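Chemist: Below are the structure tokens for one structure; questions will follow.
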Amino acid sequence: MDMVIANNLVKTFPTPEGKDKRAVDGLTFCVGEGQIYGLLGPNGAGKTTSLRLLSGLMALTSGGATLAGYDVSTQPHEVKRVLGFLTANTGLYQRLTSRELLIYFAQLHGMSQDEARAKADHLIDWLGLKDFSTLRCGALSTGQKQRVNIARALIADPPILIMDEPTLGLDVLSNRIILEYIKRERDRGKTIILSTHYLDEAEDMCDYIGLIYNGKLVAEGTTDSLRAQTDEQRLSNIFLKIIHAREQVEAAIA
């Protein structure tokens, strides 16, 4: 079952020159239940914009998307109930402790105070937050904040997770905890879209990979199928070869 369907997504932004720029240009892909889909590309390729469009945080210029059967444009509240969204720079309420923050977000999802406390305590144990769960979020390290953000994204146990650079700037221990968590959630049947610049991570984690360049999906498949297409073994070399071929085509058209 396809839990995420992106159909010809387009997002344009005005430029000082008066001509609209297409940050996302006809992006189409699907992600099935229990799969990790890696959306990869260089800076400025349109990855973060695409993920914001899928989450409903940004309005589409054209095209459409559904998450768990709910339309992103016309059913935003339903989409938010089935989605956990995580980025490397998601903010936390600095004056709340980790536990207070998790309880607060649990109650926003309609849990009673007792349910919220139980869910927060479960995630604190599971993600190893106990040592700093009583510290205010403003006093936490980068890795600690990211682990709290993961717990926040999980508090309602959503079936779909969108993770934009979840390990950016983290130490080795925090990085490993987060990657193991992502795999565990996939094994529980969750649908996950992962964007990362760490291609070794993507190669190890992702069931399918989509390469995006200039807002367009230029290649898609398993790591093995992309290797077969390019005669390259490492994902970084696969990526460079496909992008170089794309640049040659665009130069010829121009």
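Rundown of residues vs (1) closer than 21 Å to Glu33 by Cβ; (2) in contact with a strand residue (DSSP E or B) (Cβ under 6 Å, 6 or more places away or on another chain); (3) surrounded by fewer than 18 Cβ atoms within 10 Å (Cβ to Cβ), yes/no style:
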{"residue": "Arg147", "(1), (2), (3)": "no, no, no"}
{"residue": "Asp157", "(1), (2), (3)": "yes, no, yes"}
{"residue": "Pro166", "(1), (2), (3)": "yes, yes, no"}
{"residue": "Val172", "(1), (2), (3)": "no, no, yes"}
{"residue": "Arg184", "(1), (2), (3)": "yes, no, yes"}
{"residue": "Ile193", "(1), (2), (3)": "yes, yes, no"}
{"residue": "Met205", "(1), (2), (3)": "yes, yes, no"}
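Chemist: Just give me the residues in the range 87-103 being within 23 Å of the chain's Cα centre (by Cα) and either exposed (fewer than 15 other Cβ atoms within 10 Å of the Cβ) or not aliphatic (A, V, I, L, M) (or both), in sequence order.
Modeler: Within the range 87-103, Thr87, Asn89, Thr90, Gly91, Tyr93, Ser98 qualify.
Chemist: Check off (1) among the aliphatic types (A, V, I, L, M); (2) at negative phi; (3) open to solvent by less than 70 Å² (accessible area, probe 1.4 Å) for Leu57 and give me the number that stays unchecked.
Modeler: Here Leu57 clears every test but (3).
Chemist: In the range 211-235, what residues are open to solvent by less than 60 Å² (accessible area, probe 1.4 Å), in contact with a Gly (Cβ under 7 Å, 6 or more places away or on another chain) and not hydrophobic (A, V, I, L, M, F, W, C)?
Modeler: Residues satisfying the conditions are Tyr213, Gly215.
Chemist: Go through the range 73-86 residue by residue and tally those that are of a type outside the set (Lys, Arg), open to solvent by 90 Å² or more (accessible area, probe 1.4 Å) and modelled with pLDDT under 95.
Modeler: Of the residues in the range 73-86, 1 are of a type outside the set (Lys, Arg), open to solvent by 90 Å² or more (accessible area, probe 1.4 Å) and modelled with pLDDT under 95.
Chemist: Among the residues of the range 12-69 satisfying the criterion of being small (Gly, Ala, Ser) and free of Cβ contacts under 8 Å to residues at least 12 places away in the same chain, which is nearest to Thr191 (Cα to Cα)?
Modeler: Ranking the qualifying residues of the range 12-69, first place goes to Gly69.
Chemist: Could you please find all residues in the range 142-184 being among the hydrophobic types (A, V, I, L, M, F, W, C), within 14 Å of the chain's Cα centre (by Cα) and under 25 Å from Leu108 (Cα atoms)?
Modeler: Passing the criteria: Ile150, Ala153, Leu154, Ile160, Leu161, Ile162, Met163, Ile178, Ile182.
The values are calculated or read from the model by the stated rules, or taken from the named source; none is laboratory data. For clarity, every value in this text was computed on a predicted model and none was experimentally measured. Positions of Cβ are generated from backbone atoms using ideal geometry, with glycine treated the same way; all protein chains shown enter the neighbour counts. Quick note on the areas: whole protein, heavy atoms, side chains included, nothing else; ligands and nucleic acids left out. Shrake-Rupley method; radii C 1.70, N 1.55, O 1.52, S 1.80 Å.
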